1. Please list, ordered by first then second residue, the pairs with beta carbon atoms under 7 Å, 6 or more apart or interchain, first in the range 159-174 and under 13 Å from Ala127 (Cα atoms), second among the basic types (Lys, Arg) and at pLDDT below 90.
2. Looking at Leu104, Leu54, Leu80, Leu114, which one is under 22 Å from Pro282 (Cβ atoms) and surrounded by fewer than 23 Cβ atoms within 10 Å (Cβ to Cβ)?
3. Pairs please, first residue from the range 111-126 and over 25 Å from Val163 (Cα atoms), second anywhere and outside any helix (DSSP H, G or I), Cβ atoms under 7 Å, 6+ apart in sequence or on different chains.
4. Based on this model, can you work out whether Ala259 counts as surrounded by fewer than 16 Cβ atoms within 10 Å (Cβ to Cβ) and touching a residue at least 60 places away in the same chain (Cβ under 8 Å)?
5. Kindly check whether there is at least one residue in the range 88-95 that is surrounded by fewer than 22 Cβ atoms within 10 Å (Cβ to Cβ) and in contact with a Ser or Thr (Cβ under 9 Å, 6 or more places away or on another chain).
6. Filter the range 127-144 for residues that are among the hydrophobic types (A, V, I, L, M, F, W, C) and either part of a loop (DSSP other than H, G, I, E, B) or within 15 Å of the chain's Cα centre (by Cα) (or both) and give the result.
7. For the range 97-126, how many residues meet the condition of being outside any helix (DSSP H, G or I) and more than 23 Å from Ile224 (Cα to Cα)?
Amino acid sequence: MRSSPDGTTAAANPFLLFRSLCSAYTSFALGSRPFLALLKRYHAGPQIKAAGELTFGQPYLVDRTMPLVTRVWRTTLNWLDANRVGMNFSFLFGPAALTFLATLRRRRTNSRYLNTLLGTVAGVPLAVCTNCVAPMAQGFLASGMSDESVLATMFASPALNVVVLAMTFALFPVPVALLSSLRCFSSSSFCSGRGVSRAARRCFSPVPSRNPGRRNVARGLLGIARSYARGFWHVFRIAFPLMLLAAFLGALLVELLPAQALFAPVTVGGILLVALIAAFLPVPMAFDVAVAYVTLTRGVPLPYVVTILCTLGIVSVYSLSIVGKSISWKVAIAAYATVAALGTAAGLLARSLG
């Protein structure tokens, strides 16, 4: 029986933990309000709307005539309200994943390409937004998964959501939808890079694995509970304050933007600025498609629309802050720059073709 750093032991059956994780996730994915709301937005088609600056709904009314402080405060509250279900699940699922993964003997390979592939495969069925995947990624990192796998999971979960991809092809012309699909390759192009792998490994502190021992059921359950509690605190103490900070920063940035900013003439600097802002904002799942479609119908130039579609919702200030705090800020900045560069390239391509 291997002891953890604080001297306690955890007896756990990996198969039972894995089955519990799958059951919990299936219950959330198929019966939760976020998933049902996502399907509702898909069926809304051209009638899809986004009432808030960062959210689909707006429990607290925000008007441009209000003082900036009031607008930022209410937009922050709207964001927290919109993400409460998904975040609750993520803060519970992340420590559970940590507890399970820590029981496995091997959680990474020697190939950064295979690690990236494994992370992508893990991220697709998660199908949560870039914000909700952040606490989960914190648990994955603490369990000892490779940084390439964790980064690929964070990219793939929002970018390869089947429902969002279907919405994109349903609402936009095929060339635009295909252009936006370039973001799906951002994880493989970034996570498998040598610089990312080396920088990440220097900052990594894996959690020792817990091997199951011959204990009775009560001691086994107690060991799992203790491991889960330690994992929950590890995730919560880092991810929760950063979540509040991200909500505030996102609200502040979006409320500082001029209302008619996207209607300006298309320039290279304008496309770059749109990409940098969109890659920063912490938006929910499918919000990128909704905002891009609404702005397109209102007459926003196509290059700006394509840039939004290729950058918004892939990463955010929240997910990047988790990467910066847990791996390195150099890697976080590189991930942000990668998404912004891809969005800028897509916008410039749309400009040249349009």
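1. Pairs found: Ala159/Arg183.
2. Residue meeting the stated conditions: Leu80.
3. Going by the 7 Å Cβ cut-off, the qualifying pairs are Arg112/Ser192; Tyr113/Ser192; Asn115/Arg108; Asn115/Thr109; Asn115/Ser146.
4. It is true that Ala259 is surrounded by fewer than 16 Cβ atoms within 10 Å (Cβ to Cβ) and touching a residue at least 60 places away in the same chain (Cβ under 8 Å).
5. The answer is yes; a qualifying residue exists.
6. Selection gives Ala127, Val128, Cys129, Cys132, Val133, Ala134, Met136, Ala137, Phe140, Leu141.
7. First pass over the range 97-126, keeping only residues outside any helix (DSSP H, G or I): 102-111.
Narrowing the set further to residues that are more than 23 Å from Ile224 (Cα to Cα) leaves 109-111.
Matching residues across the range 97-126 total 3.
Here's the yes/no breakdown for (1) in contact with a helix residue (DSSP H, G or I) (Cβ under 7 Å, 6 or more places away or on another chain); (2) over 30 Å from Leu348 (Cβ atoms):
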{"site": "Gly223", "(1), (2)": "no, yes"}
{"site": "Tyr228", "(1), (2)": "yes, yes"}
{"site": "Phe263", "(1), (2)": "no, no"}
{"site": "Thr267", "(1), (2)": "no, no"}
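The values are calculated or read from the model by the stated rules, or taken from the named source; none is laboratory data. Keep in mind that this is a model prediction, so the values were computed, not measured. For neighbour counting, all protein chains shown are included, and Cβ atoms are generated from backbone atoms with ideal geometry for every residue, glycine included.
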